[in-house]
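Peer 1: Can you read through this structure? Questions will come right after.
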Amino acid sequence: MIKEINLVLDGPNGRPLVVDYFLPEQGKEMPILIFCHGYKGFKDWGPWNVMSESLANSGIAVIKFNFSFNGGTVSQPIDFPDLEAFGNNNYSKEVEDLVAILNFVFADSRFDIVNRDHICVMGHSRGGGIAALAAAEDERIKLLITLAGVSDFEARFNMGSEEFKAWERSGVMYIMNGRTKQEMPHYFQFYQDYEKNADKLNIESAVRSMEKPHLIIHGDVDEAVNVKEAYNMANWNPEAQLHIIKDANHVFGTSHPWTEENLSKHMENAVEHIIEYIKNN
């Protein structure tokens with residue numbers, strides 16, 4: 001396997017993109033999967049490295065990356081040393097980051113061995129929503145996989161609540177990261193960007209309009225993104241394939257750090273379906 005870790009690219013909004021890629025050595029014309037992490041996530045979270053190597057060993061090239069405003073830095077791509085960047089992140093920036101990764105795949109000779117006509121984007125949680133938006137708009141993307149993906153960005157703002165009103169008044173809201181114990185800022189620009197671009201950031205519209213293969217994987221005891229959101233997306237796209245994993249939570253039985261050599265039972269189940277779906281489409 002050919003791989004490069006922590007490759008640094010210029011991002012579209014003035015911050016770098018930190019990227020990993022895994023290229024199988026089984027020959028040319030392999031499909032390629034671009035993976036988007038979720039909210040309070042990063043490319044090296046939990047099992048994502050083991051997952052990427054497992055996919056590459058099956059003959060699928062993989063790229064994963066940190067969204068440029070996820071709170072990581074070039075020197076410390078794991079966790080959140082730059083909370084100011086985190087607070088200035090928004091959905092539009094993440095879509096633009098994903099497009100920049102697609103541009104990299106098409107421009108860089110390292111990817112001449114992949115089949116650029118067989119590009120899949122996959123996102124976990126919030127990253128699933130970002131992947132869906134990009135897949136609906138970018139013809140270079142041929143397949144979409146949402147892994148415990150969200151189906152509605154607007155619902156997450158809880159508009160009209162006292163918490164939302166306080167956020168608007170103060171301009172910042174803090175969310176505790178249960179693992180790192182950081183108070184993570186969310187500046188009100190996050191909502192303002194959504195409001196300005198609501199039509200472009202509508203996941204339902206994206207999924208309904210998309211005439212591409214779509215695999216939806218979700219756990220039935222997901223505590224962070226209710227499994228109803230998977231059923232929503234399946235209803236919007238009758239051609240989508242829905243795979244519900246019994247007793248699986250939001251991270252499919254994994255955690256961070258993930259020190260095991262193998263994936264959890266539920267994540268292994270997900271990866272088997274991902275491999276089958278990509279190779280059959």
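The values are calculated or read from the model by the stated rules, or taken from the named source; none is laboratory data. In this text, all values refer to a predicted model and were calculated from it rather than measured experimentally. Glycine also receives a Cβ, built like all others from the backbone with ideal geometry; neighbour counts cover every protein chain displayed.
Peer 1: Taking strands (runs of 3 or more DSSP E) that fall entirely within region 1-88, which contain at least 3 residues that are out of contact with any Asp or Glu (no Cβ under 8 Å at 6 or more places or on another chain) and closer than 17 Å to His124 by Cα? Step through it out loud before you land on a result.
Peer 2: Working: elements: 2-9, 17-23, 30-36, 61-66.
Strands (runs of 3 or more DSSP E) meeting the threshold: 30-36.
Peer 1: For region 158-186, give me the residue count where each residue is under 20 Å from Pro257 (Cα atoms) and of a type in the set (Lys, Arg).
Peer 2: Adding up the residues that qualify gives 2.
Peer 1: Looking only at region 1-20, which residues are farther than 20 Å from Ala135 by Cβ and buried (at least 20 other Cβ atoms within 10 Å of the Cβ)?
Peer 2: Across region 1-20, the qualifying residues are Gly11, Arg15, Val18, Asp20.
Peer 1: Is it fair to say Glu163 is crowded, with 20+ Cβ neighbours inside 10 Å and either touching a strand residue (DSSP E or B) at 6+ places or on another chain (Cβ under 9 Å) or more than 13 Å from Leu33 (Cα to Cα) (or both)? Write out each step before concluding.
Peer 2: Working: crowded, with 20+ Cβ neighbours inside 10 Å: no; either touching a strand residue (DSSP E or B) at 6+ places or on another chain (Cβ under 9 Å) or more than 13 Å from Leu33 (Cα to Cα) (or both): yes.
No, not satisfied.
Peer 1: If Ile119 passes every condition in (1) without any contact (Cβ under 8 Å) to a residue 40 or more places away in the chain; (2) within 30 Å of Lys279 (Cα to Cα) but one, which one does it miss?
Peer 2: (1)
Peer 1: If you go through region 205-220, how many residues are farther than 18 Å from Glu139 by Cα and over 17 Å from the mean Cα position of the chain (by Cα)?
Peer 2: 1
Peer 1: Restricting to region 237-249, and then to whatever is out of contact with any Phe, Trp or Tyr (no Cβ under 9 Å at 6 or more places or on another chain) and surrounded by fewer than 19 Cβ atoms within 10 Å (Cβ to Cβ), can you tell me which residue is nearest to Leu143 (Cα to Cα)?
Peer 2: Only one residue tops the list, namely Glu239.
Peer 1: Is it the case that Asp112 is more than 14 Å from the chain's Cα centre (by Cα), within 20 Å of Val19 (Cα to Cα) and not hydrophobic (A, V, I, L, M, F, W, C)?
Peer 2: Yes: the conditions hold for Asp112.
Peer 1: Could you tell me which numbered condition Asn89 fails, if it satisfies all but one of (1) within 29 Å of Glu211 (Cα to Cα); (2) buried (at least 21 other Cβ atoms within 10 Å of the Cβ); (3) polar (S, T, N, Q)?
Peer 2: It is condition (1) that Asn89 fails.
Peer 1: Considering every residue within region 184-191, establish whether at least one is more than 20 Å from the chain's Cα centre (by Cα) and free of Cβ contacts under 8 Å to residues at least 60 places away in the same chain. Full working, then the answer.
Peer 2: So the first thing to find is which residues in region 184-191 are more than 20 Å from the chain's Cα centre (by Cα), and the list is 185, 187-189.
Remaining after also requiring free of Cβ contacts under 8 Å to residues at least 60 places away in the same chain: 188.
Yes, region 184-191 has at least one match.
Peer 1: Can you pull out the residues in region 52-66 that are farther than 11 Å from Pro16 by Cβ and of a type outside the set (Asp, Glu)? Steps first, please.
Peer 2: Going residue by residue through region 52-66, those that are farther than 11 Å from Pro16 by Cβ are 52-64.
Result: Ser52, Ser54, Leu55, Ala56, Asn57, Ser58, Gly59, Ile60, Ala61, Val62, Ile63, Lys64.
Peer 1: Go through region 110-134 residue by residue and tally those that are among the charged types (D, E, K, R), at pLDDT 95 or above and surrounded by fewer than 24 Cβ atoms within 10 Å (Cβ to Cβ). Write out each step before concluding.
Peer 2: Initially, region 110-134 is screened for residues among the charged types (D, E, K, R), giving 110, 112, 116-117, 126.
Still in the list and also at pLDDT 95 or above: 116-117, 126.
Still in the running and surrounded by fewer than 24 Cβ atoms within 10 Å (Cβ to Cβ): 116-117.
Summing the residues that are among the charged types (D, E, K, R), at pLDDT 95 or above and surrounded by fewer than 24 Cβ atoms within 10 Å (Cβ to Cβ) in region 110-134 gives 2.
Peer 1: Could you tell me whether any residue of region 168-180 is farther than 23 Å from Ser255 by Cβ, among the hydroxyl-bearing types (Ser, Thr, Tyr) and out of contact with any strand residue (DSSP E or B) (no Cβ under 9 Å at 6 or more places or on another chain)?
Peer 2: There is at least one residue in region 168-180 that is farther than 23 Å from Ser255 by Cβ, among the hydroxyl-bearing types (Ser, Thr, Tyr) and out of contact with any strand residue (DSSP E or B) (no Cβ under 9 Å at 6 or more places or on another chain).
Peer 1: Here's a follow-up. From the residues in region 59-84 that are among the small types (Gly, Ala, Ser) and buried (at least 19 other Cβ atoms within 10 Å of the Cβ), which one is nearest to Val114 (Cα to Cα)?
Peer 2: Ala61
Peer 1: Just the residues that are small (Gly, Ala, Ser) and part of a helix (DSSP H, G or I), please, taken from region 101-157. Can you show your working first?
Peer 2: Filtering region 101-157 down to residues small (Gly, Ala, Ser) leaves 107, 109, 123, 125, 127-129, 131-132, 134-136, 148-149, 151, 155.
If the condition is that a residue be small (Gly, Ala, Ser) and part of a helix (DSSP H, G or I), then Ala107, Ser109, Gly127, Gly128, Gly129, Ala131, Ala132, Ala134, Ala135, Ala136, Ala155 are the ones that fit.
Peer 1: Oh, and also: Mind checking which residues of region 139-151 are in contact with a helix residue (DSSP H, G or I) (Cβ under 9 Å, 6 or more places away or on another chain) and either loosely packed, with under 15 Cβ neighbours inside 10 Å or basic (Lys, Arg) (or both)?
Peer 2: Correct list: Arg140, Lys142.
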